[in-house]
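Comments concern the structure below.
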Amino acid sequence: MGVRRKMALRFDLIIFTILLFASPVLSDLILSKVDRRIDLTSQIVENEGSEPVSEVLLAFPDLQVKDLALLKASPHEGKGKVKSLSASLPVENVKPNGMPAALTFYAVKLPKALGKGDSYTFDVLAVFAHALRPFPEKITQADIQLVVFQESAFYLTPYVVKVQSLSVKLPESRIESYTKLENTKIHGSEIKYGPYENLPSFSYSPIVVHFESNQPFAVAQEVVREIEISHWGNVQVTEHYKLVHGGAQNKGEFSRLDYQARPTIRGASAFKYLIAKMPPRVHSVYYRDEIGNISTSNLWGDSKKTELLIEPRYPLFGGWRTAFTIGYGLPLKDFLFELEGNRFLNITFGSPMNELVIDNLIVKVVLPEGSGDISVSAPFPVNQWEETKLSHLDLTGRPVVVLQKTNVVPEHNQFFQVYYKFSKLSMLREPFMLIFGFFSLFVAGIVYMHVDMSISKSSAAYLARLQWDEVQAAIQQVENVINRCLTTHDKLEASLRDLSRTGDVQACKAARKAADGLLKELSKELKLVLSFLQSSSAASQILPKVEELVAKEKDLQEKVMAKHSTVVDCYEKKTGIRDSENRVAAQQQKITALRQEVENLLELIDEI
Amino acid sequence: MVGKTESQNGAVKATAAPAMNLESDLFSNFSFKSFKLKTKQQELLLRVSILGLVYILAFITRLFSVLRYESMIHEFDPYFNYRTTLFLTEKGFYEFWNWFDSESWYPLGRIIGGTLYPGLMVTAAFIYWTLRFLRFAVHIREVCVLTAPFFASNTTVVAYFFGKEIWDSGAGLVAAAFIAICPGYISRSVAGSYDNEGVAIFALLLTFYLFVKAVNTGSLAWALASAFGYFYMVSAWGGYVFIINLIPLYVLVLLITGRYSMRLYVAYNCMYVLGMLLAMQIRFVGFQHVQSGEHMAAMGVFFLMQVFYFLDWVKYMLSDTKLFQAFLRITVTSAIAVGALALGVGTASGYISPWTGRFYSLLDPTYAKDNIPIIASVSEHQPTAWSSFMFDFHILLFLFPAGLYFCFKKLSDATIFIVMYGLTSMYFAGVMVRLILVATPAVCLISAIAVSATIKNLTSLLRTKSKTAVAGSSKGTGGSKASSKASFDQSQPFQKNGAIALLLGAFYLLSKYATHCTWVTSEAYSSPSIVLAARGAHGNRVIFDDYREAYFWLRQNTPPDAKVMSWWDYGYQITAMGNRTVIVDNNTWNNTHIATVGRAMSSYEDEAYEIMRSLDVDYVLVVFGGVTGYSSDDINKFLWMVRIGGGVFPVIKEPDYLVNGDYRVDKGAAPKMLNCL
C-alpha cells in the first residue's frame, strides 16, 4: 500500500513553481499521478528585503512523515522533466520556531543565496509508502478491491502560493467517488484540481479519492540481503523476504477450485507473482523457503539483464503473508574494483524486486576473513553497524557491515560502496588449511600404521605376533630367492634357444658361467634364511613345505644344468641336432613337471 | 537431463563393482606372476579400492532423490525426527531429554524425551557438531538428509567384514557390493529418508558382526564391542527386539547341536549382561528390558548358559559318567521347572508384561486385522506380496537358497548364525512389508556367499586350464605333448567351456541386478511423497507441491496457537512444516484419541462440530485428490477412520458406510456416507 508521489517545486523570488506528481509505488500506477502546480508570491522572502535567502522550507504533516520514504530536491531541468539522478540539493530536517506543531519541516539548501527578484526552480521528489487505505477493509475472494487516498487539494506550505494545481492519476478509469471542489475536472483516469490562485500559507482543503485497484500491494515487512564476497570470483547474494499482501483483508473462505478455474474473476485482488530484475551474468539462482524449494519460478535473460519470475506457494490474498529466500551468484569482476590498494564493492542497495515496498531493509555485506579498514559510502542516510559471521573454514569470523533502512522503495535502488583492505595472501589461507588438514590426517594414518600400540610388550600373544612377523619376512625372502633362481633358469633356457639359432657356443657358455655364480650366491642366501626358519618355533607348521620347496628347487636346478650341459655338449661335438633333441626331450619333461611343482608350492606357501 | 546421465553413470558404476570383484580374482591369478613380490600388497590395494568404490557407490546411488527433487526430508516420520533433531541442536541434550511437547496430541501433549529412540537424532546432531567444529558451516537439514546415505555406506563396510568373517574376503566384497545397491535397503535409506531404519540397519549388522566375531574368537573385547553395538541399536530403533530374540535363539541352537564352547559362553554372557544394562539407560526402554515378555527369551537363555557351564564343571569334577548322567537329568528338569515357575509367577503377578500387539501381529499375521485396526491400517504393515520380494531382491531371491546350500555345506558357528538370521528375517519379511529391510542384509550376505563360492570354483577351474596351456606353449616347438595332460583334459571335456559359459551367465545376472537396482532407485524409491511429480502433456515434468503449500499457509497465516485437526498421517508434517499444534500424529500412542478424530471425521456435520469444539480445534485439514487423480487422499483413507473410530465408539458402524459391501463415493454411495462428507 504504497504511494509514490513525485513533487517538483519551482521557485522564484516572487514566484514559486511547485510541481507535484503523486504516483503509486507500482510503476503501472496504483493510485494516481498528482500533478500539482502552484504559483505563489512569497511575502516572507520579499519582506526580508535585501537579505539573501538560502533555504526553502518544505512542510509535511507528521502523519505522512512516518511513511515518507524518500525526499529529494534537485534543480529543475527542462519543462516537466524530472531527472532523479541529477545533482541533488541537500535536504535536512529542521524545526523552525513559530510553526504549527503537527508539521515536520525539511529545509532545502539552495545552491546560491537568492537576492530580491531572483528566481530559482527546483524539483522535489517525495515518495510515501502506505498512503493508500483499502476500503472496505475486508472483501471476499470474488470481490474487487477498492482503496481510498486522502490528500489536500492545496499544497501545504508556509509560503503564500500564487497559482497551484493538482492532478491525481489513477490506475483504472473506474472511480467510486472523489471530492468535488470548484474547478475540478476529470480526464479519463486523471482528476485535475485547480488552478487556484493566491492562496495564503498553510491553506488546506482535504480531498478523498475512492477508486478500484486490483494491483497487489506487496509489502515486505522485512528483507535481509546478505552479500557475501568471495575473492575466488563470486559475489553471493542471499535475500530473505517476509512478505504480506497489504490490501483488503480476505474474508470468508478461499476456494482453490474457483481460483484455479477463473483466476481473473475469483481472485482478482490476489497477488500472483513478483518479478526480480537481476544483473546480467547472474548464476545459480535458487528460490526456496523454510520447508524446501519452491518449484514455481521462471528465469530468463539476455546480455543486458536477467529476469526472475517467482510465484509464492499460494496466491496471496489480502492480509496473507508468506516468507521466502532467493539467492544468486554474481561474477566478482562486475562488482569489485581496486583503487589505490583499496578494494571496493559497488552494488545496488535495494532489492531487485519490482514494485515492492520494504518496511525494514537490512543489507549485510560479508567481507572475506582478514579484511580491514572498512568504510561505507551510501547515497542516503542509513543506520550502520558491524558484526562478524562464522562461515566455512573460518577461525576468527568474517567482518560484516550491516546497513539498515526503513521505508525502502524502488527509488532507493542505487549503488553504494564498501571500501576495505584485503591482502592477496590471506586468500590462500583456506586452501592451505585444507591441505594441512588432509596432510595431518595421512600423517596420523602413517604413524598409526608404524607405531606399536600394544600395551603389554611381554605378553605371549604379542611375542608370538612379533615372531610370526619375522617368519613371514623370512618366507618372503625364501620366495624371493626361489623366484630369482627360476628367472636364472629362464635365462639359461633363453641362452639355449639362442644357441640353436646362432650356434654361438661361447656366448652360451658365458651365460652358463654367470648363472652358476648367481645360483651359488642364491643358495648361500637360502641356507641362511632356512637356518633361521629352522630355529624359529613359530615357523614349525610351514617349515616342511618350505623345505620341500627348497629341495624341489634344487632338483630342478640340477636338471636344468644337466640339460644345459647336454645341449652344449651336443653343439660342441657337432653331433646331429636330431640326436640331441631326443636326449633332451626326456630331461625337458622332468623339468616341466618339476617347475610345475615348484610353482604350485610357491602358491601354497603364499596362501598360508 | 542431469538425472538421466547420472542414472547411466550409476548403472555403469554399479556393474563395475561386481565386475571388479571377478577381475580381482582373475587378475591376481594371471598377471601378477611377474610381480610376485607384491602380490599381498596389491591384493590389499585392490580390496581397499573396491571397497572404497562400493562405499562411494552406496552413497551416490542414494542421491537420486536429491537430483530428481531437492535436498528435503521425505515422508512422514522423518519430519518428526527432523523436528526433534532441530530441537536437540538448538536447545542442547539436557533440554531434549526432558522435552515435553505440547504441540502434538493436544490437549494431552507428549513426553518426547521419554517416548522416542534418540539414537538417530543424537547421531545427526553429533555429525553436525563435528562438522561445525571442523569449520564447515553446514545446515542441520543437509546433515539430516545425508545421514541415511552415509550410514548406508558404512553398512557396506560392515557387510564386507561380516562376509569376511563368515566366509572369505571375496564373499565380503560381493556382499558389500550387493548391499550397497539392494533396493530393499535403498527404499529406506535414500537421501532425505531421515528415519530410524537408516541408522538402525547399520547398528543391526554391526551388532551381529561383532557378536559373531566374539563367538569366533571368544574374545571379551569383541563381546564388549558387540554390547555397545547393541546399545546403539537400542537407542536407534524399536527393531532391537529382533536382535535380543535372534541371538538367544542362535545360542540355543548352538547348545542343542552340541556346539557349546567357552567362546560362546564369554560372548553371550558379556553381550547380554552389558547390553541389558546399557539398553536400560534408554528411557523409552528402561525396565521393559527385564520385565516385558519380548525380552524373556534372552534372559532364559542366559540362565541356561549358566546351567550348561555348571554342568560342564560338574562333568569335569565327576569322573564317573553314570553319576553325571543322573545328575544331568536332575539338573535339567529342575532348571526347566524353576524357569517355568518363575515365568508363570512373573506373568501372573504382572511383573512380566505380556507381549504387545505389534509383536503378536508379527507372529500371527492375522492378529492385527482382527484386533488392532490402527496397526493394520498402515500400508507398510501389510503382508508382503511376491512381486515386492522380486522388486526388492531381484536375483538375490534365487541366490539366497544357493547361498544356504553353501552355508550348510560348510557349517560353522558363523554360518549357522547367518542361516538363522536369513531364515527368521525372511519369515518376518513375509509377514510385514517393512521388515524386508531387516531381511535385506541377511539375503545380501547369503547371496554373496553363493556368488563368491560359485565364481571362485569356476575361476579356479579356468585357472588350472590356462596354466597348463601356458606351460604347453612355453615348451616351444617340442612335438610330443605330454600324454598325462591329454588324459586330464579328456576326463572333463567341456569343463573349460562350461565354466566360461557359467561365468558369463553369472556376470550377466549380476549386471542385470545392477541395472535393476539403479532403475528401481531412480524411479520408485526416490520420491519424497510430499512433492509429487508427473509427466505433463508435452513430456515436461509437472510438480504437485500442494502439501507444502497447505503446510506453509498454515505456518504463515494462522495464529501461532491454532490447533489443527487432521487424520493422523499428516500430524508430523503439520507440526514440522506448519509449526502448529495437532490433535493426533503418527506416533499412535493413544488409540482413543485417534478414534475420537476418526469419529469427528465420520459423523454428521453438526455432531462433528460438537466433537471438534470439545477438542478446541481451529482448523481442519483434509486431503482431496479427486482433481489431480492423487489416490492416497482422505476419501481413500475414510474407511479406516470409520474402522478405527468404530473400534472405540460403537456408535460408528462400518456397514452404514457401505453399499452391499462395496465402498463407493459417487451418488450410489450409502446415505450416511454422503452426509458425512
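The values are calculated or read from the model by the stated rules, or taken from the named source; none is laboratory data. Fair warning: this is a prediction, and the values are worked out from it, not measured in the lab. No Cβ is skipped: glycine too gets one built from the backbone with ideal geometry, and neighbour counts run over all protein chains shown.
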>> I need the full set of residues from the range B:584-622 which are charged (D, E, K, R) and within 30 Å of B:Trp237 (Cα to Cα), in order please.
In response: B:Asp585
> Does the range B:128-144 contain at least one residue that is in contact (Cβ under 8 Å) with a residue 24 or more places away in the chain and small (Gly, Ala, Ser)?
Replying inline: no
> Of (1) under 18 Å from A:Phe211 (Cα atoms); (2) at pLDDT below 75; (3) not β-branched (Val, Ile, Thr), A:Ser165 satisfies all except one. Which?
Replying inline: (1)
> Failed condition for A:Leu434, given (1) in contact with a Leu (Cβ under 8 Å, 6 or more places away or on another chain); (2) exposed (fewer than 14 other Cβ atoms within 10 Å of the Cβ); (3) outside any helix (DSSP H, G or I), with all others met?
Replying inline: (3)
> Name the residues in the range A:392-412 that are of a type outside the set (Val, Ile, Thr), modelled with pLDDT of 85 or more and surrounded by 14 or more Cβ atoms within 10 Å (Cβ to Cβ), would you?
Replying inline: A:Arg398, A:Pro399, A:Leu403, A:Gln404, A:Lys405
> Among A:Ile229, A:Ile265, which is more than 14 Å from chain B (Cβ to nearest Cβ) and either modelled with pLDDT of 75 or more or part of a strand (DSSP E or B) (or both)?
Replying inline: A:Ile229
> Pairs, please: C-beta under 9 Å, at least 6 apart or cross-chain, first residue among the charged types (D, E, K, R) and in the range B:584-611, second surrounded by fewer than 14 Cβ atoms within 10 Å (Cβ to Cβ) and modelled with pLDDT of 85 or more?
Replying inline: none
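Got at least one residue in the range B:537-552 being more than 11 Å from chain A (Cβ to nearest Cβ), of a type outside the set (Gly, Ala, Ser) and out of contact with any helix residue (DSSP H, G or I) (no Cβ under 9 Å at 6 or more places or on another chain)?
Initially, the range B:537-552 is screened for residues more than 11 Å from chain A (Cβ to nearest Cβ), giving B:537-540.
Among the residues that remain, those that are also of a type outside the set (Gly, Ala, Ser) are: B:538, B:540.
Remaining after also requiring out of contact with any helix residue (DSSP H, G or I) (no Cβ under 9 Å at 6 or more places or on another chain): B:538, B:540.
Within the range B:537-552 (the criterion being more than 11 Å from chain A (Cβ to nearest Cβ), of a type outside the set (Gly, Ala, Ser) and out of contact with any helix residue (DSSP H, G or I) (no Cβ under 9 Å at 6 or more places or on another chain)), the answer is yes, since at least one residue qualifies.
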> Among the numbered criteria (1) under 22 Å from A:Lys491 (Cβ atoms); (2) modelled with pLDDT of 80 or more, which single criterion is violated by A:Cys570?
Replying inline: (2)
> In the range A:412-422, is there at least one residue being within 23 Å of the chain's Cα centre (by Cα), within 14 Å of chain B (Cβ to nearest Cβ) and not hydrophobic (A, V, I, L, M, F, W, C)?
Replying inline: no
> Are there any pairs with C-beta distances below 9 angstrom linking a residue in the range A:371-400 that is within 14 Å of chain B (Cβ to nearest Cβ) to a residue that is aromatic (Phe, Trp, Tyr) and part of a loop (DSSP other than H, G, I, E, B), with the two at least 6 apart or on different chains, and if so which?
Replying inline: A:His392/B:Phe136; A:Leu393/B:Phe136
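Is there a residue being out of contact with any Cys (no Cβ under 6 Å at 6 or more places or on another chain), of a type in the set (Lys, Arg) and away from chain A (no Cβ under 14 Å) anywhere in the range B:160-174?
Yes; the residues of the range B:160-174 include at least one that is out of contact with any Cys (no Cβ under 6 Å at 6 or more places or on another chain), of a type in the set (Lys, Arg) and away from chain A (no Cβ under 14 Å).
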> B:Asp606 is checked against (1) assigned by the TED database to the domain that holds B:Ile635; (2) buried (at least 22 other Cβ atoms within 10 Å of the Cβ); (3) over 21 Å from A:Glu290 (Cβ atoms) and fails just one. What number does that condition carry?
Replying inline: (2)
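Out of the residues in the range A:289-301 that are part of a strand (DSSP E or B) and small (Gly, Ala, Ser), state the one that is farthest from the other protein chains (Cβ to nearest Cβ). Working first, answer last.
From the range A:289-301, those part of a strand (DSSP E or B) are A:289, A:292-293, A:297-301; that's our starting set.
Keeping just the survivors that are small (Gly, Ala, Ser) gives A:292, A:297, A:301.
Details: A:Gly292: 4, A:Ser297: 11, A:Gly301: 20 Å.
So the residue we want is A:Gly301.
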>> Being within 14 Å of chain B (Cβ to nearest Cβ) and over 28 Å from A:Thr406 (Cα atoms) is the requirement here; does A:Phe254 meet it?
In response: yes
> Looking at B:Ala191, B:Ala171, B:Ala175, which is the one that is more than 13 Å from the chain's Cα centre (by Cα), crowded, with 24+ Cβ neighbours inside 10 Å and not in a helix (DSSP H, G or I)?
Replying inline: B:Ala191
>> Against the definition (surrounded by 14 or more Cβ atoms within 10 Å (Cβ to Cβ) and either farther than 22 Å from A:Phe254 by Cα or more than 32 Å from the chain's Cα centre (by Cα) (or both)), how does B:Thr575 come out, yes or no?
In response: yes
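Between B:Val651, B:Val617, B:Val582, which is crowded, with 23+ Cβ neighbours inside 10 Å and either under 24 Å from B:Ser102 (Cβ atoms) or more than 14 Å from every other protein chain (Cβ to nearest Cβ) (or both)? Show your work before the answer.
Values: B:Val651 fails: crowded, with 23+ Cβ neighbours inside 10 Å; B:Val617 fails: crowded, with 23+ Cβ neighbours inside 10 Å.
It is B:Val582.
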> Within the range A:310-329, can you find the residues that are buried (at least 22 other Cβ atoms within 10 Å of the Cβ), among the hydrophobic types (A, V, I, L, M, F, W, C) and closer than 20 Å to A:Tyr286 by Cα?
Replying inline: A:Ile326
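Of these, B:Leu304, B:Leu318, which one is of a type in the set (A, V, I, L, M), in contact (Cβ under 8 Å) with a residue 40 or more places away in the chain and more than 22 Å from B:Phe359 (Cα to Cα)? Write out each step before concluding.
Numbers: B:Leu318 fails: in contact (Cβ under 8 Å) with a residue 40 or more places away in the chain.
Criteria check complete, one pass: B:Leu304.
Out of curiosity, is A:Tyr286 closer than 18 Å to A:Asn234 by Cβ, within 12 Å of chain B (Cβ to nearest Cβ) and either touching a Phe, Trp or Tyr at 6+ places or on another chain (Cβ under 7 Å) or in a strand (DSSP E or B) (or both)? Spell out how you get there, then give the answer.
Numbers: closer than 18 Å to A:Asn234 by Cβ: yes; within 12 Å of chain B (Cβ to nearest Cβ): yes; either touching a Phe, Trp or Tyr at 6+ places or on another chain (Cβ under 7 Å) or in a strand (DSSP E or B) (or both): yes.
Taking the combined requirement at face value, the residue satisfies it.
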> Within the range B:90-111, can you find the residues that are surrounded by 18 or more Cβ atoms within 10 Å (Cβ to Cβ) and either part of a strand (DSSP E or B) or in contact with a helix residue (DSSP H, G or I) (Cβ under 6 Å, 6 or more places away or on another chain) (or both)?
Replying inline: B:Phe96, B:Asp101, B:Glu103, B:Ser104, B:Arg110
